[in-house]
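Accompanying notes for the structure given below.
The values are calculated or read from the model by the stated rules, or taken from the named source; none is laboratory data. Keep in mind that this is a model prediction, so the values were computed, not measured. As a convention, Cβ positions derive from the backbone with ideal geometry for all residues, glycine included, and neighbour counts pool all protein chains shown. For accessibility, only protein heavy atoms count, side chains too; no ligands or nucleic acids. Shrake-Rupley method; radii C 1.70, N 1.55, O 1.52, S 1.80 Å.
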Amino acid sequence: MPDPIEVRKVPIESVTDASGLSRLIADGVIEAERVLAVIGKTEGNGGVNDYTRILADRAFREVLSAHGHPAPESVPLVWSGGTDGILSPHATVFATTADAPVTDEPRLSVGVAMSEIILPEDIGRPAMVEKVAAGVREAMKVAGIDDPRDVHYVQTKTPLLTLATITDARSRGRDTAIEETGPSMDLSNSTTALGIAVALGEIEMPREDQIHKDLSLYSSVASCSSGVELDRAQIVLVGNVRGIGGRYRIGHSVMKDALDADGIWEAIRDSGMPLPDRPHPSDLGGRLVNVFMKCEADPSGRVRGRRNIMLDDSDVHWHRQIKAAVGGVAASVTGDPAVFVSVAAVHQGPSGGGPVAAISDLS
(Lines give C-alpha, C1' and ligand atoms only; values in the text may rest on other atoms or scores of the structure.)
Protein backbone atom coordinates (compact mmCIF):
# COMPACT_ATOMS: atom_id res chain seq x y z
CA MET A 1 0.00 0.00 0.00
CA PRO A 2 1.45 3.41 -0.94
CA ASP A 3 1.68 6.22 1.60
CA PRO A 4 -1.20 8.68 1.97
CA ILE A 5 -1.01 12.02 0.21
CA GLU A 6 -0.87 15.66 1.29
CA VAL A 7 -1.71 18.13 -1.48
CA ARG A 8 -1.63 21.93 -1.33
CA LYS A 9 -1.95 24.82 -3.77
CA VAL A 10 0.47 27.74 -3.51
CA PRO A 11 0.60 31.06 -5.40
CA ILE A 12 3.48 32.06 -7.67
CA GLU A 13 4.04 35.78 -7.15
CA SER A 14 6.79 36.28 -9.73
CA VAL A 15 8.39 34.28 -12.53
CA THR A 16 10.99 32.68 -10.25
CA ASP A 17 8.94 32.60 -7.03
CA ALA A 18 8.95 29.29 -5.16
CA SER A 19 8.40 30.77 -1.70
CA GLY A 20 5.05 29.00 -1.37
CA LEU A 21 6.77 25.62 -1.56
CA SER A 22 9.46 26.81 0.83
CA ARG A 23 6.81 27.89 3.37
CA LEU A 24 5.03 24.55 3.19
CA ILE A 25 8.29 22.82 4.06
CA ALA A 26 9.37 25.34 6.72
CA ASP A 27 5.95 25.16 8.40
CA GLY A 28 6.06 21.36 8.54
CA VAL A 29 3.06 20.89 6.26
CA ILE A 30 5.15 18.66 3.99
CA GLU A 31 8.68 17.27 4.06
CA ALA A 32 10.96 18.10 1.16
CA GLU A 33 12.09 14.52 0.61
CA ARG A 34 8.44 13.39 0.40
CA VAL A 35 7.49 15.68 -2.50
CA LEU A 36 6.26 13.50 -5.37
CA ALA A 37 5.31 16.03 -8.02
CA VAL A 38 4.34 19.62 -8.75
CA ILE A 39 1.77 20.70 -11.35
CA GLY A 40 1.65 24.41 -12.06
CA LYS A 41 0.76 27.33 -14.29
CA THR A 42 3.37 29.89 -15.28
CA GLU A 43 2.84 33.33 -16.75
CA GLY A 44 4.60 33.04 -20.10
CA ASN A 45 3.12 32.85 -23.58
CA GLY A 46 2.52 29.11 -23.44
CA GLY A 47 4.40 28.61 -26.71
CA VAL A 48 7.53 26.81 -27.84
CA ASN A 49 9.73 29.63 -26.52
CA ASP A 50 7.99 30.00 -23.14
CA TYR A 51 11.00 30.04 -20.84
CA THR A 52 8.92 30.81 -17.74
CA ARG A 53 8.46 27.05 -17.47
CA ILE A 54 12.20 26.56 -17.26
CA LEU A 55 12.59 29.39 -14.74
CA ALA A 56 9.86 27.96 -12.51
CA ASP A 57 11.34 24.49 -12.83
CA ARG A 58 14.72 25.74 -11.66
CA ALA A 59 13.27 27.77 -8.78
CA PHE A 60 11.24 24.88 -7.38
CA ARG A 61 14.11 22.40 -7.72
CA GLU A 62 16.42 24.81 -5.91
CA VAL A 63 13.97 24.97 -2.99
CA LEU A 64 13.77 21.17 -2.83
CA SER A 65 17.56 20.96 -2.86
CA ALA A 66 17.96 23.65 -0.19
CA HIS A 67 15.56 21.76 2.08
CA GLY A 68 17.39 18.46 1.70
CA HIS A 69 15.61 16.54 -1.04
CA PRO A 70 18.14 13.84 -2.05
CA ALA A 71 17.37 13.96 -5.77
CA PRO A 72 15.37 17.07 -6.74
CA GLU A 73 16.16 16.52 -10.42
CA SER A 74 14.04 13.34 -10.33
CA VAL A 75 10.81 15.01 -9.18
CA PRO A 76 8.30 15.56 -12.01
CA LEU A 77 7.56 19.27 -12.26
CA VAL A 78 4.85 19.72 -14.88
CA TRP A 79 4.50 23.34 -15.94
CA SER A 80 1.81 24.64 -18.26
CA GLY A 81 2.64 28.06 -19.63
CA GLY A 82 0.12 30.84 -20.08
CA THR A 83 -2.19 32.48 -17.54
CA ASP A 84 -4.34 34.45 -19.95
CA GLY A 85 -7.27 36.51 -18.79
CA ILE A 86 -7.81 36.28 -15.03
CA LEU A 87 -5.94 32.99 -14.60
CA SER A 88 -3.38 33.28 -11.80
CA PRO A 89 0.07 31.62 -11.68
CA HIS A 90 0.17 28.88 -9.06
CA ALA A 91 1.44 25.39 -8.29
CA THR A 92 -0.18 22.31 -6.75
CA VAL A 93 2.27 20.28 -4.66
CA PHE A 94 1.76 16.55 -4.08
CA ALA A 95 3.69 14.81 -1.30
CA THR A 96 3.42 11.67 0.78
CA THR A 97 2.75 12.06 4.48
CA ALA A 98 3.15 9.96 7.61
CA ASP A 99 0.42 11.90 9.40
CA ALA A 100 -2.98 11.20 7.86
CA PRO A 101 -6.37 10.05 9.20
CA VAL A 102 -7.14 6.37 8.74
CA THR A 103 -10.16 5.50 6.63
CA ASP A 104 -11.38 2.74 4.36
CA GLU A 105 -13.04 5.29 2.08
CA PRO A 106 -11.40 6.05 -1.31
CA ARG A 107 -8.64 8.56 -0.83
CA LEU A 108 -6.06 10.26 -3.04
CA SER A 109 -3.10 8.31 -4.35
CA VAL A 110 -0.41 9.48 -6.75
CA GLY A 111 1.91 7.54 -9.00
CA VAL A 112 4.73 9.14 -10.95
CA ALA A 113 6.73 7.63 -13.78
CA MET A 114 8.94 8.55 -16.70
CA SER A 115 8.54 6.98 -20.11
CA GLU A 116 11.30 5.77 -22.37
CA ILE A 117 13.00 8.51 -24.35
CA ILE A 118 10.63 9.90 -26.97
CA LEU A 119 12.56 10.53 -30.15
CA PRO A 120 11.55 13.40 -32.43
CA GLU A 121 10.43 10.90 -35.06
CA ASP A 122 8.10 9.25 -32.49
CA ILE A 123 5.93 12.36 -32.01
CA GLY A 124 2.60 11.95 -33.76
CA ARG A 125 3.14 8.24 -34.36
CA PRO A 126 2.22 4.92 -32.71
CA ALA A 127 5.70 4.57 -31.17
CA MET A 128 4.94 7.53 -28.88
CA VAL A 129 1.50 6.12 -28.05
CA GLU A 130 3.09 2.85 -26.94
CA LYS A 131 5.83 4.52 -24.87
CA VAL A 132 3.33 6.73 -23.06
CA ALA A 133 0.97 3.81 -22.43
CA ALA A 134 3.78 1.80 -20.84
CA GLY A 135 4.65 4.74 -18.59
CA VAL A 136 1.01 5.16 -17.51
CA ARG A 137 0.78 1.48 -16.57
CA GLU A 138 3.92 1.89 -14.46
CA ALA A 139 2.47 4.96 -12.73
CA MET A 140 -0.68 2.97 -11.87
CA LYS A 141 1.46 0.34 -10.15
CA VAL A 142 3.27 3.02 -8.15
CA ALA A 143 -0.08 4.51 -7.08
CA GLY A 144 -1.40 1.10 -6.00
CA ILE A 145 -4.27 1.29 -8.50
CA ASP A 146 -5.42 -1.91 -10.20
CA ASP A 147 -8.70 -0.77 -11.74
CA PRO A 148 -8.42 1.92 -14.43
CA ARG A 149 -11.81 3.25 -13.28
CA ASP A 150 -10.06 4.49 -10.12
CA VAL A 151 -7.81 6.76 -12.21
CA HIS A 152 -9.28 10.27 -12.41
CA TYR A 153 -6.46 12.44 -13.74
CA VAL A 154 -3.27 11.84 -15.70
CA GLN A 155 -1.09 14.90 -16.17
CA THR A 156 1.84 14.59 -18.54
CA LYS A 157 4.61 16.70 -19.93
CA THR A 158 6.21 15.55 -23.17
CA PRO A 159 8.73 16.88 -25.69
CA LEU A 160 7.70 18.85 -28.74
CA LEU A 161 9.65 19.43 -31.92
CA THR A 162 12.30 22.12 -32.23
CA LEU A 163 14.54 22.94 -35.16
CA ALA A 164 17.37 21.18 -33.35
CA THR A 165 15.44 17.93 -32.79
CA ILE A 166 14.09 17.93 -36.37
CA THR A 167 17.67 18.32 -37.60
CA ASP A 168 18.77 15.52 -35.27
CA ALA A 169 16.18 13.15 -36.74
CA ARG A 170 17.30 13.99 -40.28
CA SER A 171 20.93 13.37 -39.35
CA ARG A 172 19.95 9.82 -38.40
CA GLY A 173 18.04 9.24 -41.62
CA ARG A 174 14.63 9.72 -39.97
CA ASP A 175 11.78 12.08 -40.73
CA THR A 176 9.28 13.71 -38.39
CA ALA A 177 5.49 13.64 -38.64
CA ILE A 178 5.48 17.41 -39.22
CA GLU A 179 8.20 20.02 -39.61
CA GLU A 180 6.51 23.00 -37.92
CA THR A 181 7.59 23.51 -34.32
CA GLY A 182 4.52 25.41 -33.09
CA PRO A 183 1.88 22.88 -34.20
CA SER A 184 4.06 20.09 -32.82
CA MET A 185 2.90 21.12 -29.33
CA ASP A 186 -0.68 20.14 -30.17
CA LEU A 187 0.50 16.96 -31.92
CA SER A 188 2.61 15.88 -28.96
CA ASN A 189 -0.31 16.47 -26.59
CA SER A 190 -2.79 14.55 -28.71
CA THR A 191 -0.48 11.59 -29.24
CA THR A 192 0.17 11.43 -25.50
CA ALA A 193 -3.57 11.50 -24.75
CA LEU A 194 -4.09 8.47 -26.97
CA GLY A 195 -1.33 6.67 -25.06
CA ILE A 196 -3.18 7.38 -21.80
CA ALA A 197 -6.47 6.21 -23.31
CA VAL A 198 -4.87 2.97 -24.51
CA ALA A 199 -3.28 2.27 -21.11
CA LEU A 200 -6.61 2.79 -19.31
CA GLY A 201 -8.63 0.73 -21.76
CA GLU A 202 -10.64 3.68 -23.03
CA ILE A 203 -9.72 2.92 -26.66
CA GLU A 204 -7.91 0.32 -28.71
CA MET A 205 -4.46 1.06 -30.12
CA PRO A 206 -4.99 3.71 -32.82
CA ARG A 207 -3.65 3.66 -36.34
CA GLU A 208 -1.20 6.37 -37.35
CA ASP A 209 -3.77 7.96 -39.64
CA GLN A 210 -6.13 8.42 -36.65
CA ILE A 211 -3.65 10.38 -34.53
CA HIS A 212 -4.69 14.03 -34.29
CA LYS A 213 -7.46 13.38 -36.80
CA ASP A 214 -10.12 10.98 -35.48
CA LEU A 215 -11.74 13.16 -32.81
CA SER A 216 -14.05 10.36 -31.70
CA LEU A 217 -11.03 8.87 -29.90
CA TYR A 218 -10.25 10.49 -26.57
CA SER A 219 -9.42 10.02 -22.91
CA SER A 220 -11.72 11.48 -20.28
CA VAL A 221 -8.88 11.84 -17.73
CA ALA A 222 -5.91 12.98 -19.83
CA SER A 223 -4.33 16.41 -19.45
CA CYS A 224 -1.28 16.70 -21.65
CA SER A 225 1.25 19.51 -21.96
CA SER A 226 4.49 19.69 -23.90
CA GLY A 227 7.64 21.75 -23.87
CA VAL A 228 11.30 22.01 -24.74
CA GLU A 229 12.64 21.08 -21.32
CA LEU A 230 12.57 17.25 -21.50
CA ASP A 231 12.99 14.30 -23.84
CA ARG A 232 10.48 11.82 -22.42
CA ALA A 233 7.01 11.79 -20.90
CA GLN A 234 6.75 12.90 -17.29
CA ILE A 235 3.64 11.21 -15.94
CA VAL A 236 1.71 12.16 -12.82
CA LEU A 237 -1.24 9.82 -12.34
CA VAL A 238 -3.83 10.64 -9.69
CA GLY A 239 -6.63 8.39 -8.49
CA ASN A 240 -8.28 6.94 -5.41
CA VAL A 241 -7.34 3.90 -3.34
CA ARG A 242 -9.33 2.37 -0.48
CA GLY A 243 -7.38 1.94 2.75
CA ILE A 244 -4.62 4.39 1.89
CA GLY A 245 -5.99 6.92 4.36
CA GLY A 246 -5.74 10.68 4.20
CA ARG A 247 -8.03 13.67 3.76
CA TYR A 248 -8.24 14.07 0.00
CA ARG A 249 -10.22 12.54 -2.82
CA ILE A 250 -10.28 13.16 -6.55
CA GLY A 251 -13.12 13.00 -9.05
CA HIS A 252 -13.52 13.80 -12.72
CA SER A 253 -15.99 14.64 -15.45
CA VAL A 254 -15.86 16.37 -18.83
CA MET A 255 -16.82 19.79 -20.09
CA LYS A 256 -18.92 19.23 -23.20
CA ASP A 257 -18.06 22.70 -24.48
CA ALA A 258 -16.34 25.90 -23.34
CA LEU A 259 -19.39 27.08 -21.37
CA ASP A 260 -20.12 23.82 -19.57
CA ALA A 261 -19.84 24.92 -15.94
CA ASP A 262 -21.99 21.93 -14.98
CA GLY A 263 -19.14 19.67 -16.08
CA ILE A 264 -16.88 21.33 -13.51
CA TRP A 265 -19.51 20.96 -10.77
CA GLU A 266 -19.91 17.28 -11.71
CA ALA A 267 -16.17 16.72 -11.19
CA ILE A 268 -16.35 18.38 -7.77
CA ARG A 269 -19.32 16.19 -6.79
CA ASP A 270 -17.43 13.13 -8.04
CA SER A 271 -14.61 14.02 -5.64
CA GLY A 272 -16.96 13.32 -2.75
CA MET A 273 -18.01 16.84 -1.83
CA PRO A 274 -21.75 17.16 -1.08
CA LEU A 275 -23.36 20.00 -3.01
CA PRO A 276 -26.90 21.32 -3.44
CA ASP A 277 -28.75 20.97 -6.72
CA ARG A 278 -27.82 24.49 -7.79
CA PRO A 279 -24.38 25.02 -6.21
CA HIS A 280 -22.60 28.34 -5.64
CA PRO A 281 -18.89 28.96 -4.92
CA SER A 282 -19.85 29.68 -1.30
CA ASP A 283 -20.93 26.03 -0.97
CA LEU A 284 -17.33 24.90 -1.40
CA GLY A 285 -16.37 26.14 2.06
CA GLY A 286 -12.64 26.18 1.38
CA ARG A 287 -12.62 22.42 0.81
CA LEU A 288 -11.73 22.48 -2.89
CA VAL A 289 -7.97 22.16 -3.36
CA ASN A 290 -7.96 22.76 -7.12
CA VAL A 291 -9.52 21.88 -10.45
CA PHE A 292 -7.51 20.78 -13.48
CA MET A 293 -8.87 21.00 -17.00
CA LYS A 294 -8.03 21.02 -20.68
CA CYS A 295 -9.78 23.10 -23.31
CA GLU A 296 -9.92 23.44 -27.06
CA ALA A 297 -11.47 25.82 -29.55
CA ASP A 298 -14.31 23.92 -31.16
CA PRO A 299 -13.22 23.08 -34.73
CA SER A 300 -16.68 24.06 -35.95
CA GLY A 301 -16.00 27.67 -34.95
CA ARG A 302 -19.19 27.76 -32.89
CA VAL A 303 -20.21 27.44 -29.24
CA ARG A 304 -23.86 26.69 -28.47
CA GLY A 305 -24.69 27.47 -32.09
CA ARG A 306 -23.11 30.93 -31.99
CA ARG A 307 -20.20 31.76 -34.29
CA ASN A 308 -16.85 32.92 -32.88
CA ILE A 309 -13.69 33.95 -34.72
CA MET A 310 -10.95 32.41 -32.54
CA LEU A 311 -9.75 30.11 -35.31
CA ASP A 312 -9.75 32.95 -37.87
CA ASP A 313 -8.01 35.53 -35.66
CA SER A 314 -4.56 36.42 -37.00
CA ASP A 315 -3.77 38.81 -34.13
CA VAL A 316 -4.22 36.63 -31.03
CA HIS A 317 -3.74 32.87 -31.27
CA TRP A 318 -6.78 30.81 -30.37
CA HIS A 319 -4.76 29.01 -27.66
CA ARG A 320 -4.74 32.17 -25.62
CA GLN A 321 -8.36 33.07 -26.30
CA ILE A 322 -9.92 29.75 -25.33
CA LYS A 323 -7.69 29.46 -22.27
CA ALA A 324 -8.87 32.85 -21.04
CA ALA A 325 -12.51 32.03 -21.77
CA VAL A 326 -12.53 28.65 -20.02
CA GLY A 327 -10.45 30.10 -17.19
CA GLY A 328 -13.20 32.63 -16.58
CA VAL A 329 -15.87 29.92 -16.57
CA ALA A 330 -13.81 27.81 -14.15
CA ALA A 331 -13.10 30.71 -11.80
CA SER A 332 -16.81 31.57 -11.73
CA VAL A 333 -17.40 28.06 -10.35
CA THR A 334 -14.54 27.90 -7.86
CA GLY A 335 -14.45 31.56 -6.86
CA ASP A 336 -10.67 31.38 -7.30
CA PRO A 337 -8.75 32.37 -10.47
CA ALA A 338 -5.83 30.10 -9.48
CA VAL A 339 -7.16 27.14 -11.45
CA PHE A 340 -5.25 24.86 -13.81
CA VAL A 341 -6.49 25.43 -17.36
CA SER A 342 -4.38 24.12 -20.20
CA VAL A 343 -5.00 24.24 -23.93
CA ALA A 344 -4.44 21.96 -26.96
CA ALA A 345 -6.93 19.28 -25.93
CA VAL A 346 -7.23 17.12 -29.03
CA HIS A 347 -8.05 13.55 -27.89
CA GLN A 348 -8.51 14.93 -24.36
CA GLY A 349 -12.24 14.93 -23.72
CA PRO A 350 -14.87 15.51 -26.39
CA SER A 351 -14.11 17.80 -29.32
CA GLY A 352 -14.62 21.42 -28.29
CA GLY A 353 -14.69 20.48 -24.61
CA GLY A 354 -12.22 18.78 -22.31
CA PRO A 355 -11.68 16.71 -19.17
CA VAL A 356 -12.01 18.16 -15.67
CA ALA A 357 -10.55 16.76 -12.44
CA ALA A 358 -11.23 18.09 -8.96
CA ILE A 359 -9.46 17.41 -5.67
CA SER A 360 -11.37 18.00 -2.44
CA ASP A 361 -10.38 18.00 1.23
CA LEU A 362 -12.90 15.73 2.97
CA SER A 363 -11.55 16.14 6.50
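Brief remarks on what is shown
- Matching option when the condition is touching a Leu at 6+ places or on another chain (Cβ under 7 Å), of a type in the set (A, V, I, L, M) and in the same structural domain as GLN234 (by the TED database), among ALA133, ALA177: ALA177
- Residue that is nearest to the chain's Cα centre (by Cα) [pool: residues in the range 271-314 that are open to solvent by 60 Å² or more (accessible area, probe 1.4 Å) and charged (D, E, K, R)]: ARG287
- Residue in the range 303-315 that is of a type outside the set (D, E, K, R), modelled with pLDDT of 95 or more and under 28 Å from ILE196 (Cα atoms) present: yes
- Cβ-Cβ under 7 Å pairs, at least 6 apart or on other chains, the range 293-305 side without any contact (Cβ under 8 Å) to a residue 60 or more places away in the chain and in the same structural domain as VAL343 (by the TED database), far side part of a strand (DSSP E or B) and open to solvent by 40 Å² or more (accessible area, probe 1.4 Å): GLY301/ARG307
- Residue selected from the range 181-220 under the condition at pLDDT 95 or above and acidic (Asp, Glu), by the criterion farthest from ASP50 (Cα to Cα): GLU204
- The residues of the range 21-42 that are within 21 Å of PHE292 (Cβ to Cβ) and crowded, with 19+ Cβ neighbours inside 10 Å, listed by number, are LEU21, LEU24, ILE30, VAL35, LEU36, ALA37, VAL38, ILE39, GLY40, LYS41, THR42.
- The selection criterion, being outside the structural domain of LYS213 (by the TED database) and out of contact with any helix residue (DSSP H, G or I) (no Cβ under 6 Å at 6 or more places or on another chain), does not hold for ILE264.
- For the range 215-240, a residue qualifies if it is farther than 15 Å from LEU77 by Cα, surrounded by fewer than 22 Cβ atoms within 10 Å (Cβ to Cβ) and either among the aliphatic types (A, V, I, L, M) or in the same structural domain as VAL35 (by the TED database) (or both), and the qualifying residues are LEU215, LEU217.
- Top-ranked residue in the range 116-133 [being of a type outside the set (D, E, K, R) and surrounded by fewer than 18 Cβ atoms within 10 Å (Cβ to Cβ); ranked as nearest to THR176 (Cα to Cα)]: ALA127
- Per the listing SER65, SER80, SER109, the residue uniquely farther than 14 Å from LEU36 by Cβ, among the hydroxyl-bearing types (Ser, Thr, Tyr) and surrounded by 22 or more Cβ atoms within 10 Å (Cβ to Cβ) is SER80.
- Every residue from the range 241-270 that is surrounded by fewer than 16 Cβ atoms within 10 Å (Cβ to Cβ), closer than 28 Å to VAL142 by Cα and not basic (Lys, Arg): GLY243
- Take the conditions (1) open to solvent by less than 40 Å² (accessible area, probe 1.4 Å); (2) within 20 Å of the chain's Cα centre (by Cα); SER351 misses just one of them, which is (1).
- Residues of the range 228-282 that are among the basic types (Lys, Arg) and farther than 30 Å from ASN189 by Cβ: ARG242, ARG247, ARG278.
- Listed by first and then second residue, the pairs linking a residue in the range 263-277 that is farther than 15 Å from VAL356 by Cβ to a residue that is part of a helix (DSSP H, G or I), with Cβ atoms under 9 Å apart and 6 or more places separating them unless they lie on different chains, are PRO274/ASP283; PRO276/ASP283.
- Spans of helices (runs of 4 or more DSSP H) in the range 124-237 with at least 1 residues among the charged types (D, E, K, R) and closer than 30 Å to ILE5 by Cβ: 126-143
- Residue in the range 21-34 that is more than 25 Å from TYR248 (Cβ to Cβ), at pLDDT 95 or above and among the charged types (D, E, K, R) present: no
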